[in-house]
């Protein structure tokens, strides 16, 4: 019988980091911050686990459907088309500018919205995993992000189709979006971890987030650009919403615009501030999360 | 050598009732005092104004060396599962020192990560990754697992088409294909129908032999006598007896009789 000794596997599961011969597994609060950082690094290192779990969730969702995850693309397309036609009339904006704008907005918004919303139930959903063996908790956050990223990738296809139909061809300007996308991902990661921590402790948080996003969908310049609000007070006010800037640093380059310095500063500031706050909260709460489930 | 060292480990966790889980309670209702009382069922339950606190393990100190097969005895809620979860690294102690040397493998449930729509073959991969194997190692154990669980062509069918017995066979075969120094059992795992039991038994024995240490919680005295050479008796989260299995079982039944 061929067997594999897991001790030979040079630390592939989380436990090895702490459980190495000659090293104490855990001594009381040996810097909770270091443990939290280690947990996050281990989570990235154990990419196989979240890659496979996230991928399987999508696969199983569409296993017996003929076109599978293409449904994601189609439903986003239908929704975008209906909304697009409606708003082209309402706003009286040129369709060849408005439709690509709307598509990229919707695609980014749904990615953001569902990642954070499903993020808030990460730990409760993963409770059977968490209570069965030790694994860095960040794995489940990454799994949630990865699953939503796959969906994002499918829905993004419709943007490119719409953009090309309306004469916006892919080009080097996409490179400007690259750092924006990284900031976008970073912001999603901390926000979903923060939501997960808060929601596992306070069960109302999930409902609060859900409601907040319904309002934010209209309050954030997604269906409209801030300038369409007339250039006065309203235009100023909607730009106070940091979500606008987080989205704009990706959206603007994709539709042949350039993000402003303000967009960059706010999106970057959000990432730094959010990561810091969440990291400290995670350091404080990480060891308690299995008890709270 | 020592495989497990615990010294003064305390585990306590809050139990929030429905209202305490919510923000409303945290924000608005914290000033309402609750009666402070303790109870003697399960772990020690303590209440203060803000929450209920279960003291699941209290001042646990013991050392397990190579070759020791430790059985955990105690009534429901005495702290056996909590101790196993602590040894597995799932719960981190509120205070005290807990060290383990070598790979720890918790076997609390065999069906972790088993999605009904996944095929048997996919499940081997999922479970292997969850157990910490790499892709290569998974490929190595796969043929052996398939051969052992005797599922034939069903291995490429979704597991929702499996009977319970078939699922258990598969789960059992995957889990026991791997080896770790420290095995933690919450009730001994078993597999499938009568014809399979002997084969499973032999595999389980080999699996346990390959490990250095096992810690096993069970309510069966037979299993305890067969598998263990040392026993810890728990009561209300404390170790009240540590020694030979027969003596421990006797001490435990006296304890139960005295309580009646």
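Bear in mind that the values in this text are calculations on the coordinates, not laboratory data. Source: prediction; values computed, not measured. Neighbour counts are summed over all protein chains in view; Cβ atoms, including those assigned to glycine, are modelled from backbone coordinates with ideal geometry.
Rank by packing, highest mean first: peptides A:162-169, B:8-15, with packing defined as the count of other Cβ atoms within 10 Å averaged across residues.
Details: A:162-169: 15.4, B:8-15: 17.8.
Listed from highest to lowest mean packing, they are B:8-15, A:162-169.
Which angle between 0 and 90 degrees, to the nearest 10, do you get for helix A:70-91 versus the longest principal axis of chain A when only C-alpha atoms count?
40 degrees
Roughly what % of Cα-Cα distances in the protein assembly as shown sit above 42 Å, to the whole percent? Write out the running numbers ahead of the final one.
Numbers: 48294 of 152628 pairs.
The answer is 32 percent, as a whole percent.
For region B:121-178, just the Cα atoms, rotate onto the principal axes and tell me the three extents in Å, largest first.
Projected onto its principal axes, the Cα set of region B:121-178 covers 28, 18, 18 Å.
How many Cβ atoms of partner chains, on average, are near each residue of B:81-89 if near means within 10 Å of its Cβ? Numbers along the way, then the final one.
Details: counts 1, 0, 0, 0, 5, 2, 2, 6, 10.
Other-chain Cβ atoms within 10 Å of each residue's Cβ, averaged: 3.
Using alpha carbons only, how many degrees (0 to 90, rounded to 10) separate the axis of helix B:164-175 from the longest principal axis of chain B?
Value to nearest ten degrees: 90.
Among A:159, A:129, what is the fewest-to-most ranking by other Cβ atoms within 10 Å? Show your work: numbers first, answer last.
Details: A:159 26, A:129 20.
Ordered from fewest to most neighbouring Cβ atoms within 10 Å, A:159, A:129 come out as A:129, A:159.
Taking a ≥ b ≥ c as the square roots of the eigenvalues of the Cα gyration tensor of region A:112-240, is the shape rounded (a/c under 1.5), prolate (a/b larger than b/c) or oblate?
Values: a/c = 2.65, a/b = 1.50, b/c = 1.76.
Note, shape of region A:112-240 comes out oblate.
Beyond 28 Å, what share of the Cα-Cα pairs of chain A remains, rounded to the nearest whole percent? Please report the intermediate quantities before stating the final value.
Values: 19005 of 42778 pairs.
Beyond 28 Å sits 44 percent of the P(r) for chain A.
According to the Kirkwood expression over distinct Cα-Cα pairs, how big is the hydrodynamic radius of region A:44-189, in Å? If you can, show how the numbers build up before the last one.
Values: mean 1/r = 0.0589 Å⁻¹.
Taking every pair of different Cα atoms in region A:44-189, averaging 1/r and inverting gives 17.0 Å.
Using only the Cα atoms of region A:167-253, each taken as one equal point scatterer with no solvent, compute I(q) by the Debye sum, divide by I(0), and report log10 of the ratio at q = 0.25 Å⁻¹.
-1.19
Round to the nearest 10 and give me the degree value, 0 to 90, for the angle of helix B:120-131's Cα axis relative to the longest principal axis of chain B.
40 degrees
Provide a whole-number value for the mean count of partner chain Cβ atoms within 10 Å of the Cβ atoms in peptide A:130-143. Can you show the working numbers first?
Working: counts 1, 9, 13, 15, 9, 4, 0, 0, 0, 1, 0, 0, 0, 0.
Per residue, the average neighbour count from other chains is 4.
Could you work out the mean count of beta carbons from other protein chains within 10 Å of each residue's beta carbon in B:108-118? Could the numbers behind the result be given before it?
Working: counts 4, 5, 1, 2, 5, 7, 0, 6, 1, 7, 4.
Shielding by partners across B:108-118 averages 4.
Tell me, rounded to the nearest percent, the portion of alpha carbon pairs in region B:171-237 spaced more than 13 Å apart. If you can, show how the numbers build up before the last one.
Working: 1496 of 2211 pairs.
Above the 13 Å cut-off, region B:171-237 has 68 percent of its Cα pairs.
Just want the ordering: B:75, A:154, from fewest to most Cβ atoms lying within 10 Å of their own Cβ. Spell out each step's value before the answer.
Working: B:75 17, A:154 20.
With the sparsest Cβ surroundings first, the list reads B:75, A:154.
Equivalent ellipsoid semi-axes for chain B, as square roots of 5 times the alpha carbon gyration tensor eigenvalues: give them largest first, rounded to whole Å. The partial results should precede the final answer.
Details: eigenvalues 258, 125, 60 Å².
After scaling each eigenvalue by five and taking roots: 36, 25, 17 Å.
Given the rule -39500 (n - 2.57) for each run of at least 4 DSSP H residues, summed and divided by the residues of the protein assembly as shown, what is its mean residue ellipticity at 222 nm, to the nearest 500 deg cm²/dmol?
Details: 23 runs with 303 residues, N = 553.
For the protein assembly as shown, the value works out to -17500 deg cm²/dmol.
What ranking do A:31, A:192 get, fewest neighbouring Cβ atoms within 10 angstrom at the top?
Working: A:31 10, A:192 26.
Listed from fewest to most nearby Cβ atoms, that is A:31, A:192.
Using only Cα atoms, locate the centre of region B:197-222 and the centre of region A:155-210, then give the distance between them in Å, rounded to an integer.
49 Å
Using a/c under 1.5 as the rounded threshold, could you call region A:33-129 rounded, prolate or oblate? The axes a ≥ b ≥ c are square roots of the C-alpha gyration tensor eigenvalues, and prolate needs a/b larger than b/c, oblate otherwise.
Working: a/c = 3.19, a/b = 1.89, b/c = 1.69.
Prolate, since a/c reaches 1.5 and a/b exceeds b/c.
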